[in-house]
1. With respect to Arg348, is the statement that it is closer than 18 Å to Leu315 by Cα, of a type in the set (Lys, Arg) and either without any contact (Cβ under 8 Å) to a residue 40 or more places away in the chain or touching a Cys at 6+ places or on another chain (Cβ under 6 Å) (or both) true?
2. For residues that are of a type in the set (Phe, Trp, Tyr) and over 29 Å from the mean Cα position of the chain (by Cα), scanning just segment 1-34, find the one that is surrounded by the most Cβ atoms within 10 Å (Cβ to Cβ).
3. Would you confirm, using the coordinates I've provided, whether Leu93 is closer than 27 Å to Ser205 by Cα, of a type outside the set (Val, Ile, Thr), buried (at least 20 other Cβ atoms within 10 Å of the Cβ) and touching a helix residue (DSSP H, G or I) at 6+ places or on another chain (Cβ under 9 Å)?
4. Would you mind finding the one in Ala84, Ala112, Ala116 that is closer than 30 Å to Val246 by Cα, of a type outside the set (Phe, Trp, Tyr) and touching a Ser or Thr at 6+ places or on another chain (Cβ under 8 Å)?
5. Is it the case that Ile37 is on the phi < 0 side of the Ramachandran plot and crowded, with 24+ Cβ neighbours inside 10 Å?
6. Name the helices (runs of 4 or more DSSP H) wholly within segment 341-425 that hold at least 2 residues that are on the phi > 0 side of the Ramachandran plot, surrounded by 23 or more Cβ atoms within 10 Å (Cβ to Cβ) and touching a Leu at 6+ places or on another chain (Cβ under 8 Å)?
7. Can you say whether Gly94 is at pLDDT below 80, assigned to a helix (DSSP H, G or I) and of a type outside the set (S, T, N, Q), as far as the supplied structure shows?
8. Do the conditions hold for Val176, that is, is it assigned to a helix (DSSP H, G or I), modelled with pLDDT of 85 or more and either of a type in the set (A, V, I, L, M, F, W, C) or in contact with a strand residue (DSSP E or B) (Cβ under 8 Å, 6 or more places away or on another chain) (or both)?
Amino acid sequence: MTLVVFLSSLLSAMAIGVPVAFALLFSGIVLMYYMDIFNASIVSQRLITGANTFTLLAIPFFLLAGELMNAGGLSRRIVDFAIACVGHVKGGLGIVAVFAAVIMASLSGSAAADTAALAAILIPMMRDSGHDVPRSAGLMAAGGIIAPVIPPSIAFIIFGVAANVSITGLFMGGIVPGLMMALALVGTWMLIARRENVEPLPKRSGAERLAATGRAGWALFMPVIILGGIRFGVFTPTEAAVVAAVYALLVGMFIYRELKLSDLYRVFLNAAKTTSVVLFLVAAALVSAWLITSANIPNEIGGYIQPLIDRPRLLMLVIMALVLVVGTALDLAPTILILSPVLMPIIREAGIDPVYFGVMFVLNTCIGLITPPVGIVLNVVSGVSRVPLGKVIWGVLPFLAAQVVVLLLLVIFPELVTVPLAYLR
């Protein structure tokens, strides 16, 4: 019954337009009343405790790094580098989009920010080249959701805090699935590009490629510093976020010289606004997470799926189907924060690697970012490219199908994540 009380109050609040963070607080308070343990001081203390976590400091700094990258010219140079490398191939601009998405994913970890940067630069070029614009917009959206899977990832930080799972392990575990997502998009795009009568870009000379690599060198060195530092224990993921922000600031201001002092107020303000939304949502969700545990809801749900505990692949398939459905209606962070405290005890009881599950969970919620009716990334692409949302949804369908196939492969063959993870940990 506690599960019904929690879900009905949460969904009712969201149905009338209450923001997700406040809906989570409301459902937590309703649950406290139902359990006859309501105490306003508990709510306030848990809210403060939820936000007062050292690990969460990584979120504002990675968001700031993304803003500084876009304002300081790092993102544009990455796209120019990708064009120089593969722009001459049939359907090359689409490959450039995926290639650039992978590199940018290893810098900021924000799907919306990376997608906006890619769409703003590449969609006008693809339109001028004669590519189908809604299909191109769909590719940008599908490429943008690689960002939360390839480290550093804000989504992994949120999941790690909410589910008490190693964030470093999640970072390392996301590398192979992220690259698989990219390969699936490239293969799908190449099949589509065959049917388009579009001339590829002229092939760049060796000197031009070398020059493009030199211009992008400082930007390309950033993921080496971040991932290498985390992998070899030089700094923690939280400290890596600070390194990323400082690096992007110094490169943008003193090397590329595109970031001006007058730009800093706008950049810091944008990062602060996004941070406030994310961290309040995390804090509110952790209040609900504590109450979910107190109300014994995980055991209640575990009773329903107890027959699957001894069949981990089937259990994963059922849970992934559930997360996929929830992800069509909720944004990435709320999905993680609501479901992870409920599902983690079941995952541990079934003997499934928590890091593997975290990678799969985040990948699944990323697919929700390009799935209607919410589809946050679809709305970003629609706004930047000025393509109606309905056409963007139609354009993303083949790429959405490709990402779902990757998800199914990783469910059926968990070794694709766990074996590389054993070497990267």
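The values are calculated or read from the model by the stated rules, or taken from the named source; none is laboratory data. Quantities reported herein were computed from a predicted structural model and do not represent experimental measurements. Positions of Cβ are backbone-derived with ideal geometry, glycine not excepted, and every protein chain shown enters the neighbour counts.
1. The answer is yes for Arg348.
2. Here the answer is Tyr34.
3. yes
4. The match here is Ala84.
5. Considered against the rule, which asks whether it is on the phi < 0 side of the Ramachandran plot and crowded, with 24+ Cβ neighbours inside 10 Å, Ile37 comes out as no.
6. none
7. Against the criterion (at pLDDT below 80, assigned to a helix (DSSP H, G or I) and of a type outside the set (S, T, N, Q)), Gly94 does not qualify.
8. yes
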